[in-house]
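Down below is the structure, laid out as structure tokens.
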Amino acid sequence: MLKLTDLTASVGEAGEARTILNGLSLEVPAGEVHAIMGPNGAGKSTLSYVLTGKAGYEVSGGSAWLDGHDLLALDPEERAALGLFLSFQYPLEVPGVPVMTFVRAAMNAQRKARGEAEISAPDFIKMARDIGKELNLSADMLKRPLNVGFSGGEKKRLEIFQMRMLEPRFAILDETDSGLDIDALRIVAEGVNALRSPERGMLVITHYQRLLDYIVPDKVHVLSHGRVILTGGPELALRLEKEGYDGIEGAAA
Amino acid sequence: MAPARGALSPTFPDASPAERALADRFMAGTVDGRRGRAFEAFARTGLPHRRLEGWRWTDFRAALATLAPVTATGHGQALPVADGAVTLRFSGEEIFLPDSLPDGLILHTKADAPALAGAEEAPMAALAAALAGRGTGPDTVILEVCGRVAEPVHIVCEGGGAEVNFARIAVIVRPGGALDLVESHLGGAGLSSVLIEIDVAASGQLRRTLSQRGDAHEAQAITALVHLDEGASYIQTALAFGARVARIETRLVHRGTGSAAVLNGVYLCAGGQHVDFTSHVRHGAPACTTRQVTKGAVLKGGRGVFQGKFLVPRDIGQHTDADMQHQALLLEQGAEVFAKPELEIYADDVECAHGNTSGALDPDMLFYLRQRGIPLTEARAMLTQAFIAEALAAAGGGTHEALSAAASRFLSGVSL
């Protein structure tokens with residue numbers, strides 16, 4: 001489903017560019033959830049931005065394919081229409097655009113790009129209400145401008161709300177656990193688990209093992225200096241927790 | 001007493017062809033003393049130009065080499081106004097007035113021009129006072145608001161392709177009266193200048209909502225001179241798309257204790273279009289409030305100008321509460337915005353604030369929308385629409401939706 005081969009990318013102006021991804025290879029088959037763990041500066045967030053097409057990152061080598069599509073050749077909105085979703089580490093505030101208006105515009109734009117019919121207003125409202133309830137988001141919150149005045153935890157729940165509404169083929173969750181208390185973490189994890197299915201893949205980026213108690217991954221990749229240095233099962237996360245990144249990096253070197 | 005032609009010439013030493021044509025128009029009609037004084041006030045500066053204080057970025061003289069008819073009779077439709085609205089139409093030398101009026105509204109017409117106080121400070125208003133109604137219509141149309149008028153009054157200015165279109169309208173709101181005034185300034189003349197004089201008496205209310213359109217062959221000036229008495233309320237919302245030069249000027253005086261003014265505006269400038277929002281607010285009475293929000297979005301080759309001034313004199317200006325905000329989006333490289341916010345405060349117990357920003361759309365915000373699948377053009381339109389919305393929120397006369405839709409059409413037509 002998602003296949004990354006020797007991905008190399010840098011950030012910054014030419015001359016001062018720093019290589020952040022350094023020959024990263026990774027494959028997530030449909031139906032699996034993989035975790036990416038790594039110390040600060042390993043390239044975790046850069047990977048999420050390179051895959052979704054944020055400006056400012058120069059890909060100098062390698063490839064990234066999703067369902068047989070060359071992601072790197074597409075605009076961000078085209079990648080989204082293929083079903084690629086990023087839950088942002090720091091969701092942006094969008095003043096003046098209510099959550100419902102925004103999500104409906106996004107959903108219909110994706111449908112249009114795929115040649116599908118728009119969702120009807122009653123269907124949309126019902127879906128939003130049901131999913132909002134599961135995530136403990138009130139109808140009132142969904143009418144407010146996107147993320148404006150929302151707490152850190154509310155913003156993360158709103159990211160998961162958008163993910164549930166948009167039903168992506170492949171979701172990247174970038175440090176979705178940061179800033180969450182234990183109750184919010186459980187709600188977010190349940191939202192993510194509800195989307196697990198044989199057709200869908202996910203990449204869960206996290207610094208700590210804690211989230212993986214709730215979202216149990218099929219595989220764990222350890223990222224260091226822009227490449228995967230170790231891949232294992234869920235037990236690898238526990239080992240990381242015990243030995244620290246230094247210990248693992250030392251062992252893998 | 002008519003000033004002799006020679007008396008004008010010293011103040012018009014190097015008149016441009018357009019200015020000479022304006023002087024000829026003035027001399028061709030009946031000339032009374034008040035018109036003469038208004039024209040002299042105009043002739044002191046001529047068509048305002050960049051070397052004049054307050055006109056540095058909006059040069060009517062350079063924009064109008066000659067007075068010439070234009071091919072466009074007008075631009076777009078007049079605003080759709082709530083049912084029962086009364087329409088007054090000003091088109092070149094023709095003025096169309098309504099046959100019947102709603103309760104509480106009286107319409108007067110005057111065949112001579114009333115004196116224009118402060119004409120020297122507003123040359124384009126002085127020009128309108130000197131030249132309005134020289135054809136078959138009245139020189140001045142006066143709307144007297146004696147009660148709470150339920151139906152809006154709609155003023156439509158559309159030149160029909162003429163060289164010039166001048167209009168002078170006075171709105172007098174009697175104590176406790178209330179009116180929704182809507183204006184559609186549709187251009188369609190080489191030079192348009194409209195003067196609106198507004199007096200709101202104690203506890204009166206006037207809500208003024210206007211829309212302006214024009215093209216690169218037209219120069220437009222819309223000047224409002226507003227006086228507010230004790231406890232009066234004035235709410236202004238303007239949406240402007242510009243012309244070769246378009247100036248929307250509001251000179252407002254708080255004259256009675258506790259009067260309140262809202263002065264909001266939005267400018268949306270495509271390439272070659274110029275909008276100037278200029279305002280001067282004098283807090284000439286205690287405990288008055290002014291709230292001003294001006295938002296702009298400009299494309300390559302477009303030009304937005306904001307000049308705002310709050311003047312708060314010592315003693316009489318105490319307990320003034322005033323806030324001025326101007327925020328502009330430069331949507332493309334090559335867009336221009338010039339801003340001059342000014343607070344001149346001599347009273348010591350006041351709350352006055354201002355803010356002024358201009359920049360591009362936040363690229364991170366754009367990326368966030370695009371990551372959700374919203375195409376770039378739509379994402380830009382959505383963010384820009386949200387950005388300007390606040391400044392249109394107080395629009396009256398049932399026009400809010402139409403103004404938002406007009407802005408939206410402009411923004412979604414923008415393919416960057």
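The values are calculated or read from the model by the stated rules, or taken from the named source; none is laboratory data. Because the structure is predicted, anything quoted here is derived from the model rather than measured. Note: ideal-geometry Cβ built from the backbone for every residue, glycine included; neighbour counts use all protein chains shown. Please note that ligands, DNA and RNA were not included when accessible areas were found on the heavy atoms of the full protein model with its side chains. Shrake-Rupley method; radii C 1.70, N 1.55, O 1.52, S 1.80 Å.
What to note about this one:
- More than 32 Å apart - percent of Cα-Cα pairs taken over chain A: 21 percent
- Packing around the peptides B:256-267, A:58-69, taken as the average count of other Cβ atoms within 10 Å per residue, puts them in this order, highest first: B:256-267, A:58-69.
- What a 1.4 Å probe finds exposed on segment B:71-359 is 46% carbon and sulfur by accessible area, rounded to a whole percent.
- Drop in accessible area of at least 40 Å² in the complex versus isolated chain, residues of segment A:77-94, 1.4 Å probe: A:Glu77, A:Phe88, A:Leu92, A:Val94
- Neighbouring partner chain Cβ atoms per residue of B:373-382, average, 10 Å criterion: 6
- For segment B:1-133, with +1 on Lys and Arg beta carbons and -1 on Asp and Glu, the positive-most of B:Ile106, B:Ser16, B:Gly76 along the dipole: B:Ser16
- Förster radius 30 Å - calculated FRET efficiency between B:Thr109 and B:Ala82, Cβ distance, rounded to 0.05: 0.75
- Per the Debye formula on identical point scatterers at the alpha carbon atoms of segment A:154-253, with no solvent, log10 I(q)/I(0) at q = 0.12, 0.17, 0.18 Å⁻¹ is -0.42, -0.80, -0.88.
- Close Lys pairs in chain B, defined as Cα atoms under 24 Å apart and 8 or more places apart or on different chains, number 4.
- For segment A:125-253, with all protein chains in place and a probe radius of 1.4 Å, 51% of the accessible heavy-atom surface sits on carbon or sulfur.
- In chain A, a dipole from Cβ-located charges (positive for Lys and Arg, negative for Asp and Glu) runs towards its positive end, and of A:His69, A:Pro234, A:Thr8 it is A:His69 whose Cα lies farthest in that direction.
- Accessible area that becomes buried as A packs against B, both chains, 1.4 Å probe, Å², nearest 100: 1900 Å²
- Taking all protein chains into account, the per residue accessible area for chain A stands at 43 Å² (1.4 Å probe).
- Ordering B:366-378, A:128-140 by mean Cβ neighbour count within 10 Å, with the highest value first, yields B:366-378, A:128-140.
- Size descriptor, Kirkwood hydrodynamic radius, that averages inverse alpha-carbon separations across segment B:185-295, Å: 14.2 Å
- Nearest-20 debye value, chain B charge dipole, Cβ charges on Lys, Arg, Asp, Glu: 780 debye
- Ranked by the mean number of other Cβ atoms within 10 Å per residue, highest first, peptides B:334-344, B:301-311, A:217-227 order as B:301-311, A:217-227, B:334-344.
- Listed residues B:Asp24, B:Asp32, A:Asp246 arranged by accessible area, highest first, probe 1.4 Å: A:Asp246, B:Asp24, B:Asp32
- Of the solvent-accessible surface of segment A:1-82, computed with a 1.4 Å probe over protein heavy atoms with every protein chain present, carbon and sulfur atoms account for 44 percent.
- In plain terms, if you count all Cα to Cα distances in the protein assembly as shown and split them into 20 Å steps from zero, the share in each step is 17, 39, 26, 15, 2, 0 percent.
- For B:Val226, the residues whose amide H sits under 5 Å from its own are B:Ile198, B:Arg251, B:Leu252, B:Val253, ignoring neighbours fewer than 5 places away on the same chain, with H placed 1.01 Å from N.
- Remark: chain B carries 37 Å² of accessible area per residue (probe radius 1.4 Å; ligands, DNA and RNA excluded).
- Backbone phi angles across segment B:359-372, fed through the Karplus curve with coefficients 6.51, -1.76 and 1.60 (θ = phi - 60°), yield HN-Hα couplings of x, 8, 4, 5, x, 5, 5, 4, 5, 4, 5, 5, 4, 7 Hz in residue order; Gly and Pro are listed as x.
- Shielding by partners for peptide A:51-57, expressed as the average number of C-beta atoms from other protein chains within 10 Å of each residue's C-beta, is 3.
- Legend: mean number of C-beta atoms from other chains within 10 angstrom of residue C-beta atoms, peptide A:140-150, equals 1.
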